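For reference, the structure discussed in these notes is given below.
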Amino acid sequence: MNIFRKILGLNKDSQDDITADERGKYMPDIKLPIDERFTINFKSNGGKFLYCENMSEVFYSLDQILLENDWYDKSVYLLDERLQEKFSEFELKSSKRAKGATYFLTTCEYLIADDGSLLISSNQIAEKKLHEIPSNFVIFATTSQLVENIGEGLRGIKGKNRDKIPTNITTIKHFKAAEDKDFLTYGSSSKNLYLLLLEDL
């Protein structure tokens, strides 16, 4: 009889009805899916998140970003030839020099769910330091780049680049200027960051 109550949803004591407050303090935390965790942490870091199901949505979102910020006639720091090709219809005023550019259009290595940061390397920023790059970032990434933590991301970088591991590996985590500087934010360069996330799974 008890099994039918569960199937029909009549059992008031089912595990699904137990709220987080009613769980024992020694019970393990309920772990959110990786994409939800990344989104929550990324937004709490101050990032602007644009989920896109296909490339036409990516193009639309990029168009809206450029219009909103009045960046169409501004110079973009763009090192990745593939992105130049992918977004060729925008006729971006690309520059290989960071100085004088208004925003930086790039990819990233991985999206880190645990803290909502972005893992980048010399593949994206060459040998530049973060403070040498424009403070406005537009990052194009895919859902297959989501990983649990930095360690998993570093293993992924090593696995993809067995011949030559990229240098200058770092994370971007602060997407808004910290009002109160403390030792946790010391040396970090906050960026105004838009993430165009394409569903590819």
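Nothing in this text is a laboratory measurement; each read-out follows from the coordinates by a stated rule. Note that the coordinates shown come from a computational prediction; the quantities given were computed from them, not determined experimentally. Don't worry about glycine lacking a Cβ; one is built from the backbone with ideal geometry, like all the others, and counts go over all protein chains shown.
Using every pair of alpha-carbon atoms in region 72-120, split the distances into 5 Å bins beginning at 0 and state the percent of pairs per bin, rounded to integers.
Pair shares across the bins are 5, 20, 24, 20, 14, 11, 6, 0.
Using just the C-alpha positions of region 33-198 as equal point scatterers, what log10 of I(q)/I(0) does the Debye formula give at each q in 0.11 1/Å?
Per q value, in the given order, log10 I(q)/I(0) is -0.43.
What's the extension gain from K129 to K31 if we count 0.36 nm per residue and subtract their Cα-Cα distance?
Result for the pair: 31.8 nm of gain on full extension.
For region 33-198, what is the charge dipole size about the Cα centre, in debye to the nearest 20, if Lys and Arg each add +1 at the Cβ and Asp and Glu each add -1 at the Cβ?
Approximately 660 debye in magnitude.
Ranked highest first by average number of other Cβ atoms within 10 Å, how do 192-198, 108-114 line up?
So the peptides 192-198, 108-114, ranked by packing, come out 108-114, 192-198.
Mind putting together the pair-distance distribution for region 50-89? All Cα pairs, 10 Å bins, whole percent per bin, short to long.
Going from the shortest bin to the longest, the percentages are 26, 56, 18.
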